[in-house]
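No value in this document is a laboratory result; all are computed from the given coordinates. Just so it is clear, the structure is predicted and the values come from calculations on it, not from any experiment. Neighbour counts are summed over all protein chains in view; Cβ atoms, including those assigned to glycine, are modelled from backbone coordinates with ideal geometry.
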Amino acid sequence: MIEMNQRIFIATNDQEIEACFPVMSELRPHIREDEFLSRVKRQAEDGYQLACLVDGEVKAVAGFRMAENLAWGRFLYVDDLVAKSEDRSRGYGGALFDWLVSRARENGCDQFHLDSGVQRFDAHRFYLVKRMTLSSHHFFINLEKV
């Protein structure tokens, strides 16, 4: 539930996107600040959107996209979801998660998906509380190392 002083919106201009970096860098520490804006903009060309929850400052961030495939139908896929570390367990991540689910419904999505690193046990507990189903293993090849 969004409190009176909280706002959730899609970051669209450079200033809004750049304001998301400190929180996003907690989840994606490999991304440098000087490349964050250009990467978000490049991904936006393929449908990526960056949502943020602001309560005086950015408290939680989610990168997501909507698409359709044969396996899932129309879906919203969450690439990134993170709350500021010192503000975790204060409801910011939950409010942003619920906003994303509502957005998926509003846009006619059949499903809502995300992947989570196997080591992220706290995140897994959060997703299970949010009634998500652990449904598959995700495999990949790092093509730079093969």
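Length gained on full extension, SER38 to GLN111, computed as 0.36 nm times the residue gap minus the Cα-Cα distance: 23.4 nm. I need the shape label for the chain. Rule: rounded when a/c is under 1.5, else prolate if a/b > b/c, else oblate, with a, b, c from the alpha carbon gyration tensor. It is rounded, given that a/c, with a ≥ b ≥ c, falls under 1.5. Only lysine pairs 8 or more places apart, or on different chains, with alpha-carbon atoms under 26 angstrom apart are counted in the chain, and they number 5.
Specify the longest stretch of the chain that does not include any exposed loop site, a site being one of the chymotrypsin sites (Phe, Trp or Tyr not before Pro) with a non-H, G, I, E, B DSSP assignment and at most 12 other Cβ atoms within 10 Å. Answer from the scan: 1-138.
Multiply the residue separation of ALA19 and ASP122 by 0.36 nm, subtract the distance between their alpha-carbon atoms, and state the gained length in nm to one decimal. Kindly include the intermediate steps, with their values, before the conclusion.
Numbers: separation 103, 0.36 × 103 = 37.08 nm, distance 2.51 nm.
Extra length available between ALA19 and ASP122 comes to 34.6 nm.
Rounded to whole numbers, the Karplus 3J(HN,Hα) couplings from phi for segment 108-117 are x, 6, 8, 9, 10, 10, 7, 10, 9, x Hz, using 6.51 cos²θ - 1.76 cosθ + 1.60 with θ = phi - 60°, and x at Gly and Pro. Under a GNM of the chain (C-alpha, springs under 10 Å), which listed residue has the highest mean-square fluctuation: MET66, MET132, MET24? Of MET66, MET132, MET24, the Gaussian network model singles out MET132 as fluctuating most.
At 222 nm, what value in deg cm²/dmol follows for the chain if DSSP H runs of at least 4 each add -39500 (n - 2.57) and the sum is divided by all its residues, to the nearest 500?
On the way: 4 runs with 50 residues, N = 146.
Counting only the DSSP helices, I get -10500 deg cm²/dmol.
Shown here for segment 25-131: trypsin sites (Lys or Arg not before Pro) in loop regions (DSSP other than H, G, I, E, B) with at most 13 other Cβ atoms within 10 Å, namely ARG32, ARG120, LYS130, ARG131.
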